[in-house]
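Take a look at the structure below.
The values are calculated or read from the model by the stated rules, or taken from the named source; none is laboratory data. This is a predicted model, so every value here is computed, not measured. Virtual Cβ from ideal backbone geometry, glycine too; neighbours counted across all protein chains shown.
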Amino acid sequence: MRFFYNQVLRFACIVIGIVLMAGLPTLLPSGGSFHLNWMAYFQSIEEIISGLSHLQEVTYNTGGTERKLLTQLMSIGTYSVTIVVGAILLAFIAAAVLTFITMLLPPKWIRKIKVGTFILESIPDILIILICQLFVVWLYKKTGLLFFEIASLPGEPIYALPILCLSILPMIQYFKVMISIVEGELDKQYVELAKAKGVLQRKILLVHVLRNSLASLLNHSKTVIWFMLSNLLILEYIFNINGIMRFLLEYLNPVIFAWSLLAIFIPNFLLFAIGQWLLERSTNEKVVM
Amino acid sequence: MVKRLFKNGYFLIGFLFIFVLCSISLLHTFVWDNHIAQTQILYENGRAVEGSPISPKLDIPLGTNVLGFHMTHMISVGAKYTIGFAVLIAFIRLLASMVFGVLYGAYFFRFRKYVTWMVDVFNYVPVTLLALFILTPFLVEVPTGFDYTFWERVWIEVIILALIAVPPTSILIGNEMGRIFNHEFIDGARVIGGSRLHILWKHVKPHIQPQLWIIFMQQLVQTMLVLAHLGFFKVFFGGTNMSFDPLFADPPQSISYEWSGLIGDGMRHLTVSPWVVLVPIIFFALTILAMNFMLEGLKTVTENWRVDLRPERSVTQPINQVSEDKQFIPLKQGAVQRRELRLEHKE
């Protein structure tokens, strides 16, 4: 019960935060003056709150015609969330497999791999996404094989390449964290006991260490997702994807900003809350959010 | 500590890269007077072989942009603006977050849970999106022109980019401070009668200082990333000049040769001449890598530094102040004397 109460309170805090944030552009000075417009800020917050409570009536303007926000948000929102969830699952699984393979290697190699991931992690997301796109085009020019659709057209959403591109950097981040967590776990006594009993290294990693490191991984996932949302913005722009971030960029309006952020935030929040609940039930680890 | 930093390989590599880049950039302005070579058509044996944008060649190492200006020169002129402003923004972020972080860590740490939840919004909103949302009205020209002058726009951008990262950074600093405040030696200082400010200055500061440097470097990396992203969305540093000529609309222009502007300028030519975009992005990547190297060096050095610091700090002060007769009765008379001698020698 306490858990539930805490989560509701946390949810409320974040929604209030989003509303306050969405009003910011009206607070800031405009028209050549240097005064903060508090009055306009309160007005726009009022507007946002009324917009939040009447979702069915919120409209946006495209080239002169008014359209309902709700229908648009449903279609593009599900698409963007599919890409994000697909990418994060892919990143997680790929990183886990890589970590498993790495931990079976000799220590000298592990150190080299660590330096490598450190360098890879520093590459900005723009560069990676651009290179992915250019690489597919180059491959097509050379071999005539088009493995993935590289740009999305209206009515033909693409999945494979965006998910792949979006998952590269999170995969590297997950990999780095997993290595450090697993190394920490391997120093613990239960691993020594297991080794002494003759359990294979493979089995120790897959059964015991994996289970015990899930809580810290969930903690870290928050940072990874935050980082991914930033990547998503770039990705949707480059691949011409009609997703939620691009929609946001086109209509920089407080009510739409607030609603789109909520559309991204709510599935994320639910995922984390459920994950935390499950983990705290099944293992003894405490997840600090 | 500085000496040790420069002995650390990672830090040295990162520092040298940024130092050399900035020196060349400054030399370019003060010695070569911002000269930027222009080659619009490349001739070979009297025949034109390539028009601008010219692809990278041996004598034009990074190629030219659409107007024939050499990328090498533009990168070199722009380096000091990009790196300079990133450092400035990161510095303001650090200063502002220190004020709020100290307030939160020293006085409001009880409400940790609620404060963290309130600031949690920043974990669900990409910084780039927030920056675009707030900065677009200031920085993208509308048909009636800009509302602010160039330098006003630059300062508005610096301040806004700095402030949007202050809440999460304050929480970071505050949490670190709160952690230090929970140490046992703080209880000791409190029992002896140290005020909160005294404890803050004498006991918390030495522990938080290395952390602050690390946070500064992290913010620097983040600022560079945000600047690259903003340039990518054609919101350039100091404003984007739009052309509203209905017949021959010029592409958005960057005002200086600042790197994020170079990215935005080249975006339209991505498929035909990718180097125009890739060169500034690769330089961003290299600079960020260099900063991360510095960060890594800083982390290793501060970790070792703290281990060395501890015994000295906890032993010296109390023993000197306690008078002879109140001391513990030593098992061997000689032991204490030796200890005191050693301490005096040290001071």
Filtered residues of the stretch B:55-99 (kept if polar (S, T, N, Q), surrounded by fewer than 19 Cβ atoms within 10 Å (Cβ to Cβ) and under 16 Å from B:Ile281 (Cα atoms)) = B:Thr72
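Here is a yes/no grid of residues against (1) more than 16 Å from the chain's Cα centre (by Cα); (2) crowded, with 17+ Cβ neighbours inside 10 Å; (3) small (Gly, Ala, Ser):
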| site | (1), (2), (3) |
| --- | --- |
| A:Ile93 | no, no, no |
| A:Leu98 | yes, yes, no |
| A:Thr102 | yes, yes, no |
| A:Ile119 | yes, no, no |
| A:Asp125 | no, yes, no |
| A:Ile128 | yes, yes, no |
Using the structure shown, decide if B:Gln211 is part of a helix (DSSP H, G or I), surrounded by 22 or more Cβ atoms within 10 Å (Cβ to Cβ) and modelled with pLDDT of 85 or more.
-> no
List the number of the failed condition for A:Phe265; all other conditions in (1) farther than 22 Å from A:Ile48 by Cβ; (2) within 13 Å of chain B (Cβ to nearest Cβ); (3) in contact (Cβ under 8 Å) with a residue 40 or more places away in the chain; (4) out of contact with any Leu (no Cβ under 8 Å at 6 or more places or on another chain) hold.
-> (1)
Selection count where residues are more than 8 Å from chain A (Cβ to nearest Cβ) and outside any helix (DSSP H, G or I), scope the stretch B:272-291 | 2
Would you confirm whether any residue within the stretch B:147-159 is within 9 Å of chain A (Cβ to nearest Cβ) and crowded, with 18+ Cβ neighbours inside 10 Å?
-> yes
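Conditions tested, residue by residue: (1) in contact (Cβ under 8 Å) with a residue 40 or more places away in the chain; (2) within 30 Å of A:Ile241 (Cα to Cα); (3) touching a Lys or Arg at 6+ places or on another chain (Cβ under 6 Å); (4) more than 14 Å from every other protein chain (Cβ to nearest Cβ).
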position: A:Phe3; (1), (2), (3), (4): yes, no, no, no
position: A:Gly23; (1), (2), (3), (4): yes, yes, no, no
position: A:Glu46; (1), (2), (3), (4): no, no, no, yes
position: A:Val58; (1), (2), (3), (4): yes, yes, no, yes
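Picking from B:Thr116, B:Thr144, B:Thr136, which residue would you name as being out of contact with any Gly (no Cβ under 6 Å at 6 or more places or on another chain) and more than 9 Å from every other protein chain (Cβ to nearest Cβ)?
Values: B:Thr116 fails: more than 9 Å from every other protein chain (Cβ to nearest Cβ); B:Thr136 fails: more than 9 Å from every other protein chain (Cβ to nearest Cβ).
On inspection, the qualifying residue turns out to be B:Thr144.
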For A:Met245, all conditions in the list (1) part of a helix (DSSP H, G or I); (2) over 24 Å from A:Thr82 (Cα atoms) hold save one; what is the number of the exception?
-> (2)
B:Val121 within 7 Å of chain A (Cβ to nearest Cβ), aliphatic (A, V, I, L, M), buried (at least 20 other Cβ atoms within 10 Å of the Cβ) and in a helix (DSSP H, G or I) = yes
Which of the residues spanning the stretch B:1-15 are surrounded by fewer than 13 Cβ atoms within 10 Å (Cβ to Cβ) and modelled with pLDDT of 90 or more?
-> none
Given the residues A:Gln7, A:Gln72, which is the only one that is farther than 30 Å from B:Tyr148 by Cβ, in a helix (DSSP H, G or I) and in contact with a strand residue (DSSP E or B) (Cβ under 9 Å, 6 or more places away or on another chain)?
-> A:Gln72
Can you give me the number of residues within the stretch A:157-179 that are in a helix (DSSP H, G or I) and out of contact with any Cys (no Cβ under 9 Å at 6 or more places or on another chain)?
-> 16
